[in-house]
Amino acid sequence: MPRRKAEIDKDAAKEAVIGYCLKKGALAAGVADMDAVNRICPPGYRPADIMPRVKSVIALGVGGQTQGAWTVPAKALGYFGSTETRAYSISYGLAFYIENKFGLRSIYCPPDMDPDAGPRVPLQSLKVHAELAGIGARSLAGDILLHPDYGYMYFASVFTELELEPDAPLADNPCPAPSCVNMYRAIKRTPCMKFCPVQCLDGEVDEETGRQKIMRYDMAACAEMTQQYETVPSAIMDAIRATDEEDREDALFDPDNKMLWYKMSVGSGGLLAQCFECMRVCPVATQAPQADPILRHEHRLVPEAAE
Amino acid sequence: MARGLNRRQIGVTEEMMATFGEIVLRMSHNHQIREGDPYREKDWDAIERHREMMGLSDAEIAERIGLSRNQVLYIRTLMERRRFRTGHYARLLELGGGKRFRTERFTPHLDHFRYSEDALELRAAMNYPPDRARDYVEKGWWRNETQRRYLERNAAERPDAPAFVLPDRTLTWKELRDTAERVARGLWQLGLRPGDVVALQLPNIPEFAIANLAVTWFGGVVQTIHMPYRDAELQTLINHGRSRAIVCMGAAKDWSAAGAALEMQPQLPTLKHVIAVGETPDGAIPFAGLVAGDPDMEIGHEPSGADPHLLLYTSGTTSSPKGVPLNSHNMLSNARMSAPEKGLTADDRILSAAPFTHLYGLYAFHLGIVTGMANLLLPAFSPPALAGAIEEMKPTAVWFAPAHAAAMTAAGLIGKHDFGSMKMCLFAGSSSPPAMLHALQEAWPGCRVCQLWGMTELQAGMFTRPEDGIGKSAVFAGRASPGSTVRVADPETGEERPRGEEGEIQIRGPMVFPGYLRNREANETAFTTDRFFKSGDLGYMDEDGFVAITGRIKDIINRGGVKFNPQDIENLLSAHPAIQMAAVAPVPHDVLGEQACAWIQLNPGAEAPDLETLCAFLMEHRIARNKLPEKLVVVDEFPMTPTRKIVKGRLKAPAD
Ligand code: SF4
Ligand code: SF4
């Protein structure tokens, strides 16, 4: 690692870090307030728990799906995995970039589950990082973060010993969108609530202010819908317990179960955890000014190219 | 294990899981609630207040309950496994592309209909040998064709063309399609589901077509019951077919089928619905009400070619009825492939003198569906009704049984009416007297007279083509229908007989049924090892592959060890000037075992000949003396099958 530079200009460093993210394809990047992260996350899930000398948490988001992907049949694009991979590769690059440029240790925060706590418990909350870094706000769709300009993004974080000035959270929450408020006034539900295939979303909107009042999310129901790893051992268990030869064969080899083995054998994780019907119907996710890559191009890339 | 330790090491018992499982799940992540937007707003008090509602970490739960963190981890994970349902992912397969989940329109997969045990048994009966299936599929004979698909096609391509026609009422393909769909919805609403058997006892009226197409619209199975059948046959057939509904006449001249079915319902455990056409007795469902239908009722099933769609019975009277399950592969492929060989197209108009409850009549029905031509309807046969219908409705093709034509001839109607619209006609049902066919061909020069050999088990097995000419058509029942292989074999040894020699007619092909329903005994003897169906009919094949029918194996008379087929005697007797129809069958004899008895029905006004005169008449035609009938019975009217075949089993032996 290059030797640590004596004087690091915090502002210049931040500009370089954010600039790197945007140049590499992130739509938004920011720095989370470490104190706030520590106050929100319980012990064991704070940045210092995996990187004791961490000084800053950088969060970045890459674009969600194309307009096409939101409109084709859900099964056709069950695999959305490339997007998150893009987020991870930028954060991975960013960690190297900081080490090289500033001589300070950095890690790409593993977007993984806590090996101490079994599945469903993340090692770190990328959501808290991104929210505090001001690149997303909690929505009524089970707290999925939304951004007023970019809609629905995939997030990644970098922890670093480099000290950076934190950003503020978003000043406004884009959720619920005005059309969602109108719908709520009419039927007491927003699109994400109405169209969730397992009806795990529920909540209230303040009809006066049009702001979120209560968000209720049945996480277990969403997990049953989206995360099939529970199905894998269950299938084996069913096969072991089956008293009937046909049932046993079904448990292991009927088309749905065989699909599981296929997904596992090719390591196609996206297929084991996917749904996002709530986002497919969300006006912010699909119609935010720069959620559409073409509009994004006009808004950002064209002016940038002209510079 | 939790962090390397098993449940004994961390001290978790089933009882502990039972005690704390629920609360651990609830505290971990069961139901999350957030009030306002406290994280973004960094409202620390609210965040602390809400911590619990958002789900706690294992360590926090452990502190709250008084368990170790490992115990919480273990209990939580195991509880998830026990509690979480799997398989929800399949919902996604139906969504996207503009389709959204709607609670009110969604039926969980587990709640979808499942075939009933009876329906599964019927499906299991569709048990074809794999080499046959492969052959038929590879040759394109079996494909995914169904009545519903043809109906949709006909309604789209020729919406205003007639589909079923009575002299005073025409149902176009579009009307038929729409009505059938509405009735299908009505049946679905009654709780009928794919694979359920629905019995139809209806004459050849538009309601038969509507009901048949409605039942098969959603994958139901049509069971036909012949019109003359009464309580005893109804009971046998409904019980054996495990029919869940019957569509029948509410009131006929002398009998109400719906009334009888309602009365017998306690003895018919599977029969849930009695649907009446016309007058509706109390307790029955009016067919007209189903036609009105609920347009919002959704039918979540479309049948396929391999699904059974017909259940026919070769007899309604025996103690072990022979149920013949058939699917679209069998029936519609046979109709599709034979239509062009008969020169039939969508522009033809077919009239069947045989009822649709019988496969011969249904053959005309199936041909109509696959070609898109019109079926002209004759609700009940009488010689003047048939002759009048032909003159008035002008069919281009007519399906006759020999008895129909014999009766018209006897009534002197052939020369009286205009039969000029017919370009081809078909005779089937029993062996047709060659002299009659020659005479008809002469009377109808613009029409090609053809023969067909079919059975309930296979629809059209052999037929003569219009171009074969009356020389062949008068003598032979036909040559193999498209896709089928016919051979004549020794009924005892199974060896194929040389051309010209009599034996059992055996047939194999895409239209042959898979075996009788719930009748192992009959199935054991129905097929040869190479899967030819043993028809039980006797015949011989000429050098060109044409087969003439010479009788039934079971009609053979064994007179003191000498066996003979009485059919040539029957043909000769039928040609006697005083006789309209004749049958010869064995009657028991103390010494000889069996001897031949002749039953005759006289021409109107003719005087009955005695046995001696008849024998002399037969001897003139060089008949072996031991084949001469030894008894004679004159009947007023023969017991007939719906296709006008004499039912020999119901002939009464002479008293002595
Ligand atoms: S991901 Fe699917 S199951 Fe989960 S909240 Fe969204 S719509 Fe509902
Ligand atoms: S649809 Fe999107 S914007 Fe509307 S309430 Fe749901 S998450 Fe919020």
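The values are calculated or read from the model by the stated rules, or taken from the named source; none is laboratory data. Bear in mind the structure is a predicted one, so any value in this text is a computation, not a measurement. Cβ coordinates were reconstructed from backbone atoms using ideal geometry, including for glycine residues, and neighbour counts include every protein chain displayed. SASA here: full protein model, heavy atoms, side chains in, ligands and nucleic acids out. Shrake-Rupley method; radii C 1.70, N 1.55, O 1.52, S 1.80 Å.
Paramagnetic label reach from residue B:291 (point 7 Å along Cα→Cβ; backbone nitrogen cut-off under 14 Å): within segment B:190-222, residues B:205-212, B:214. Placing dummy labels 7 Å off each Cα toward the beta-carbon, the span from residue B:157 to residue B:43 is 6.8 nm. Based on the Stokes-Einstein relation at 37 °C and a viscosity of 0.692 mPa s, and on the Kirkwood radius from alpha carbon pairs, segment B:530-656 is assigned a translational diffusion coefficient of 209 µm²/s. Each DSSP beta bridge with both residues in segment B:147-303 is either parallel or antiparallel, and the antiparallel ones are about 20%. For A:23, B:645, the ranking by accessible surface with the largest value first comes to A:23, B:645, using a 1.4 Å probe. With a 1.4 angstrom probe, the accessible area lost at the B-A interface totals about 4700 Å².
May I ask for the angle, rounded to the nearest 10°, between helix A:231-241 and the longest principal axis of chain A, with both axes built from Cα atoms and the value confined to 0 to 90°? Rounded to the nearest ten degrees, it is 30. Looking at segment B:556-650 alone, DSSP beta bridges between its own residues are antiparallel in about 75 percent of cases.
If you stretched the chain out fully between residue B:417 and residue B:272, how much longer would it get, using 0.36 nm times the residue separation minus the C-alpha to C-alpha distance? Don't jump to the answer; show the numbers that get you there.
Details: separation 145, 0.36 × 145 = 52.20 nm, distance 4.67 nm.
Contour length minus the Cα-Cα distance gives 47.5 nm.
Here the Karplus curve 6.51 cos²θ - 1.76 cosθ + 1.60, taken at θ = phi - 60°, turns the phi angles of segment B:149-155 into couplings of 4, 5, 5, 4, 5, 4, 5 Hz, with x standing for Gly and Pro. Take every pair of alpha-carbon atoms less than 8 Å apart whose residues are at least six positions apart; their mean separation over the length of segment B:7-87 yields a relative contact order of 38 percent. Per residue of A:114-125, other chain Cβ atoms within 10 Å of the residue Cβ number 4 on average. When all protein chains stay in place and ligands, DNA and RNA are ignored, the 1.4 Å accessible-area order of B:299, A:58, largest first, is B:299, A:58.
For segment B:556-650, the solvent-accessible area of protein heavy atoms averages 51 Å² per residue (probe radius 1.4 Å; ligands and nucleic acids excluded).
Roughly to the nearest percent, how much of the accessible area of segment B:507-585 is carbon and sulfur, given a 1.4 Å probe? Before the final figure, lay out the partial values.
Values: 1500 of 3120 Å².
The C+S portion of the solvent-accessible surface of segment B:507-585 is 48 percent.
Quickly estimate the mean residue ellipticity at 222 nm for the protein assembly as shown, helices only: each DSSP H run with n ≥ 4 gives -39500 (n - 2.57), and the total goes over all residues, rounded to 500. Don't skip to the end; give the middle numbers.
Values: 39 runs with 351 residues, N = 963.
Counting only the DSSP helices, I get -10500 deg cm²/dmol.
For segment A:5-160, the tally of Lys pairs with Cα-Cα distances below 29 Å comes to 25, considering only residues 8 or more apart or on different chains.
Principal-axis analysis of the Cα atoms of chain B puts helix B:14-25 at an angle of about 80° to the longest axis. Estimated at the nearest 10 Å², the accessible area of residue B:448 is 120 Å² with a 1.4 Å probe.
Give the average over all directions of the projected area of the C-alpha convex hull of segment B:340-406, one decimal, in nm². Could the numbers behind the result be given before it?
Values: hull surface 17.4 nm².
Value for segment B:340-406: 4.3 nm².
Within the accessible surface of segment B:7-87, defined with a 1.4 Å probe on protein heavy atoms only, the carbon and sulfur portion equals 48 percent. Close amide H contacts of residue B:57 (hydrogens built in the peptide plane, cut-off under 5 Å, sequence separation of 5 or more or a different chain): none are found. A probe of 1.4 angstrom, applied to the heavy atoms of all protein chains, finds residue A:206 with accessible area near 50 square angstrom. In this entry, segment A:5-160 is assigned a mean projected area of 10.1 nm², taken as a quarter of its C-alpha convex hull surface.
Accessible surface for residue B:409 stands near 70 Å², nearest 10, in the context of the full protein assembly shown (1.4 Å probe).
Do me a favour and compute the ellipsoid semi-axes for segment B:147-303 from its Cα gyration tensor, root of five times each eigenvalue, largest one first, whole Å.
Equivalent ellipsoid of segment B:147-303: 25, 18, 13 Å, largest first.
Can you tell me what share of the DSSP beta bridges in the protein assembly as shown is antiparallel? A percent to the nearest 5 is fine. Before the final figure, lay out each step's value.
Details: 82 of 120 bridges.
Around 70 percent antiparallel, to the nearest 5.
The largest accessible area among B:54, A:153 belongs to the first residue in B:54, A:153, and the rest follow in falling order (1.4 Å probe, all chains).
Between Rg and the Kirkwood Rh of the protein assembly as shown, both from Cα atoms, what is the Rg to Rh ratio? Don't skip to the end; give the middle numbers.
Details: Rg = 39.9 Å, Rh = 34.3 Å.
Using Cα coordinates only, the ratio equals 1.16.
In terms of its Cα atoms, segment B:7-87 spans 45, 34, 16 Å along the principal axes, sorted from long to short.
Please work out the FRET efficiency for the pair residue B:394 and residue B:438, using the Cβ-Cβ distance as r and a Förster radius of 25 Å; give the result to the nearest 0.05. Here the calculated transfer efficiency is 0.55. For segment B:548-647, the tally of Lys pairs with Cα-Cα distances below 19 Å comes to 5, considering only residues 8 or more apart or on different chains.
Rounded to the nearest 0.05, what FRET efficiency is calculated for residue B:90 and residue B:144 with R0 set to 25 Å and r the Cβ-Cβ distance?
Taking R0 as 25 Å, the efficiency between residue B:90 and residue B:144 is 0.60.
Probing with 1.4 Å while keeping every protein chain in the model, the per residue accessible area of segment A:100-222 equals 36 Å². Computed across segment B:188-232, the Kirkwood radius stands at 11.1 Å (inverse of mean 1/r, all Cα pairs).
Counting only C-alpha contacts under 8 Å and six or more residues apart, can you give the relative contact order of segment A:181-283 as a whole percent?
Working: 100 pairs, mean separation 27.7, N = 103.
Relative contact order of segment A:181-283: 27 percent.
Take each residue of peptide B:69-82, count the partner chain Cβ atoms within 10 Å of its Cβ, and average: the result is 2. Applying the Karplus parametrisation 6.51 cos²θ - 1.76 cosθ + 1.60 with θ = phi - 60° to the phi angles of segment B:507-519, what ³J(HN,Hα) value in whole Hz is obtained for each residue in order, glycine and proline being reported as x? So the J values, rounded to whole Hz, are 9, 9, x, x, 9, 6, 4, x, x, 6, 7, 6, 8.
A Förster radius of 35 Å combined with the Cβ-Cβ distance from residue B:26 to residue A:22 puts the calculated FRET efficiency at roughly 0.25. Ranked from largest, the principal axis spans of the Cα set of chain B equal 119, 56, 49 Å.
Tell me, rounded to the nearest percent, the portion of alpha carbon pairs in chain A spaced more than 28 Å apart. Cα-Cα pairs of chain A separated by over 28 Å account for 46 percent. Three principal axis extents of segment A:144-223 based on alpha-carbon atoms, in descending order, are 50, 31, 20 Å.
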